[in-house]
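Below is one structure; the comments refer to it alone.
The values are calculated or read from the model by the stated rules, or taken from the named source; none is laboratory data. The shown structure was predicted, so the numbers you read here are calculated from the model rather than taken from an experiment. Every residue, glycine among them, receives a Cβ derived from its backbone with ideal geometry; neighbour counts consider all protein chains shown. The area values use the complete protein model at the heavy-atom level, side chains included, leaving out ligands, DNA and RNA. Shrake-Rupley method; radii C 1.70, N 1.55, O 1.52, S 1.80 Å.
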Amino acid sequence: MSLRSIILFIAVCSFTAYYIYEPIPDEIEERWKLMLTNSFFRSLSHLADLSEFLGLKDYMGVMYFITLAEEIAPVSDKHVKVTEMKLDGVDVLLYEPKQQAGDHDLRRAIIYFHGGGWCLGSSRMSPYDLLARTMVTEVDAVVLSVEYRLAPPHHFPVAYEDVYRVVKHFLQKGVLAQYSVDPERVAVSGDSAGGNLAAAVSQQLQKEPGLQVKLKAQALLYPVTQALDLNTPSYQQNQDMPILTRTLMVRFWSEYFTSDKALFRAMMTNTHNSPETSSLLKFVNWSTFLPEAYHRKYNYSAPAIDGVKGGAALKNRLSRSFTDPRASPLLVPDSALRSLPKAYVLTCEYDVLRDDGLMYVTRLRAAGVEVTHEHYDTGFHGALMFNTWPTEFLIARRMTDNYIEWLKQNL
Ligand SMILES: *[C@@H]1O[C@H](CO)[C@@H](O)[C@H](O)[C@H]1NC(C)=O
Ligand SMILES: *[C@@H]1O[C@H](CO)[C@@H](O)[C@H](O)[C@H]1NC(C)=O
């Protein structure tokens, strides 16, 4: 090797190391693997920014590559029968145990909503496919994985309405009987934006007239619960944490509602609240709803009430959207929480959404709802989905085992 190529080699190596290295807290397991994984996400995000800047393809359009890269064909295997179908016009994947249920044995059912910030993700991604199969074989449940429509092509409330339609349709005695499902044992569940949809659906179903069947449980995995305060201590502490940075979460929120960049800019500075939304800030007051240990180091200040820059019509539409409990399920009074089904809530320490989950736990418990809360001290956002090669993390296995165990005992 010539001196020049040695120098070039060292330069490339140090640039790569510099690019991959991030200050990730020591207690996170498999740190280097996480840095490497995240450097892929960061590179893609940079590419997406560039592409949008050059007018080639919008940011989310490029980020959608993550979804495509992990998509697999949903096929039946030895234990699980997989069917692609539509329920009330919405695409779903139905996973059923192959082993016939006995004549008198009815099964449990889990209706699952994938994560991805309402903009990315699919029930066909291998991590979701694997999770669905695990639920079928371990819990002996029927699993419906919902392929709801995504933003930015479809803004709020389309994703919510899609999942609501599926749940409402499925919760009819005749439909449940068709799949040998016990009407007493149906749950909704989801991770991240899917957890947001699961929480919202559980609330809204209570208002549904003439519903024959009630949900037994809701399992919310690092859920998103509110759009009013994007500067909670966890947003501050974890703004640059792997997988979900604050900027990306703000991007997801704003794209869920509109492609107008004015909302993104206002949300970034946490100044998007307006006089019309300010009366709801009491429901997301983290100095009240976070356990002491999580807010001790931070001084509470309520979000500024500047509003979104833009015309009155845009302003009105947006403030109605992000205060809508179908988007922000934390924004309801206690009376709307009281009769909710029992809940499982998973939160991660190193996650911008940690406090969204923690506050929902506090509010549900205060309203008398039975809640199992599992907090992962070394967890990061999205960890549960890192369950397949080459991005397999030990923590994903532990989370899956605990989640499945809860379903077995509580559904
Ligand atoms: C939040 O709670 C703190 C103390 O519990 C209180 O002083 C403050 O006025 C509250 N702010 C809002 C916007 O609810
Ligand atoms: C919170 O307020 C106290 C008293 O004003 C101050 O000493 C402290 O530095 C503040 N903490 C933060 C994180 O801003």
For this session: Would you check if Ala336 is more than 30 Å from Lys33 (Cα to Cα), among the small types (Gly, Ala, Ser) and at pLDDT below 95?
Result: no
For this session: Could you tell me whether the range 241-262 includes any residue that is surrounded by fewer than 19 Cβ atoms within 10 Å (Cβ to Cβ) and within 16 Å of ligand 2 (Cβ to nearest atom)?
Result: no
Exercise. Within the group Arg354, Arg365, which residue is of a type in the set (Lys, Arg), modelled with pLDDT of 95 or more and in contact with a helix residue (DSSP H, G or I) (Cβ under 6 Å, 6 or more places away or on another chain)?
Worked result: Arg354
For this session: Give Arg338, Arg265, Arg296 a once-over and let me know the one that is out of contact with any Pro (no Cβ under 7 Å at 6 or more places or on another chain), open to solvent by 50 Å² or more (accessible area, probe 1.4 Å) and closer than 20 Å to Phe156 by Cα.
Result: Arg265
Problem set entry | In the range 268-285, residue least open to solvent (accessible area, probe 1.4 Å) [restricted to those that are within 14 Å of ligand 1 (Cβ to nearest atom), in a helix (DSSP H, G or I) and at pLDDT 90 or above] | Val284
Seminar exercise, completed: Scanning the range 376-387 for residues that are open to solvent by less than 50 Å² (accessible area, probe 1.4 Å) and at negative phi gives Tyr376, Thr378, Gly379, Phe380, His381, Ala383, Leu384, Met385, Phe386, Asn387
Problem set entry | Residue that is nearest to ligand 2 (Cβ to nearest atom) [pool: residues in the range 289-311 that are in contact (Cβ under 8 Å) with a residue 40 or more places away in the chain and not in a loop (DSSP other than H, G, I, E, B)] | His295
Problem set entry | For Leu228: the one exception among (1) in a helix (DSSP H, G or I); (2) in contact (Cβ under 8 Å) with a residue 12 or more places away in the chain; (3) within 16 Å of ligand 1 (Cβ to nearest atom) | (1)
Problem set entry | Residue ranges of helices (runs of 4 or more DSSP H) in the range 1-105 with at least 3 members touching a residue at least 12 places away in the same chain (Cβ under 8 Å) and under 29 Å from Phe393 (Cβ atoms) | 31-53, 59-63, 65-70
Problem set entry | Residue match in the range 228-239 (condition: at pLDDT 95 or above, among the β-branched types (Val, Ile, Thr) and farther than 14 Å from Tyr350 by Cα) | no
Exercise. Can you name the residue in the range 303-329 that is within 13 Å of ligand 1 (Cβ to nearest atom) and open to solvent by less than 60 Å² (accessible area, probe 1.4 Å) and is also nearest to Leu364 (Cα to Cα) among such residues?
Worked result: Pro303
Problem set entry | Residue that is farthest from Thr362 (Cα to Cα), among those in the range 264-288 that are within 16 Å of ligand 2 (Cβ to nearest atom) and out of contact with any Ser or Thr (no Cβ under 8 Å at 6 or more places or on another chain) | Asn270
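So is Met399 in a helix (DSSP H, G or I), at pLDDT 95 or above and in contact with a Phe, Trp or Tyr (Cβ under 6 Å, 6 or more places away or on another chain) or not? Spell out the reasoning first.
Details: in a helix (DSSP H, G or I): yes; at pLDDT 95 or above: yes; in contact with a Phe, Trp or Tyr (Cβ under 6 Å, 6 or more places away or on another chain): no.
In short, no.
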For this session: Give the residues of the range 321-335 that are charged (D, E, K, R) and touching a residue at least 40 places away in the same chain (Cβ under 8 Å), sorted by residue number.
Result: Asp324, Arg326
